[in-house]
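All remarks here apply to the structure that follows.
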Amino acid sequence: MDVDARGVTPRYPVTPDGRYFVVRGRLWRCTDPRLDADERERLTKELMSARRAKRTDDPDERERARQRVDAAKRALGERGPVWWDDGAPDHGGRMARNTPYADWFAEIPPE
C-alpha cells in the first residue's frame, strides 16, 4: 500500500486523489491534508476524547459529546464543506461502486 502525504501507510485504501478512504466498500472523507501536523493532532485528540465521552448514561452529556464529535470532524474537514476547491461533489458515505471511483475500487483487492 502507498504512503500518504504525511508519510503514513494508510490502514484502508485511499482514493487516488486522496479525498476518501474506503471501509467495507463505503467512501469516507479523509482529513484535510492542508492542516498542519500540530493542529491535526490536537483535533484528532479532541475527536477521540469526545468519542469516549459519548459512553455515558447521561443523555445531556452524551448530546454534548456528540456535538464535540461533530465540531472536531468539521474542523478536520471530514464533515461539512469539502476541503478541495475544484468543484467536485462530495461522495462521502456512498458506496464506492456507485461513484466515479467505481473503476478504481474494482481494481483493489477485497478487504
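The values are calculated or read from the model by the stated rules, or taken from the named source; none is laboratory data. The structure presented is a predicted model; accordingly, all values stated were derived computationally and were not measured. Here Cβ is always computed from backbone atoms with ideal geometry, including for glycine, and neighbour counts include all displayed protein chains.
Before we move on, is Arg51 modelled with pLDDT of 95 or more and closer than 20 Å to Val14 by Cα?
no
Do we have any residue at all in the stretch 61-77 that's outside any helix (DSSP H, G or I) and under 16 Å from the mean Cα position of the chain (by Cα)?
So far as the stretch 61-77 goes, yes, one or more of its residues are outside any helix (DSSP H, G or I) and under 16 Å from the mean Cα position of the chain (by Cα).
Condition check: under 26 Å from Pro109 (Cα atoms), surrounded by 12 or more Cβ atoms within 10 Å (Cβ to Cβ) and among the hydrophobic types (A, V, I, L, M, F, W, C). Does Met95 satisfy that?
yes
Just name the residue that is surrounded by the most Cβ atoms within 10 Å (Cβ to Cβ) out of those in the stretch 98-109 that are without any contact (Cβ under 8 Å) to a residue 12 or more places away in the chain and assigned to a loop (DSSP other than H, G, I, E, B).
Pro100
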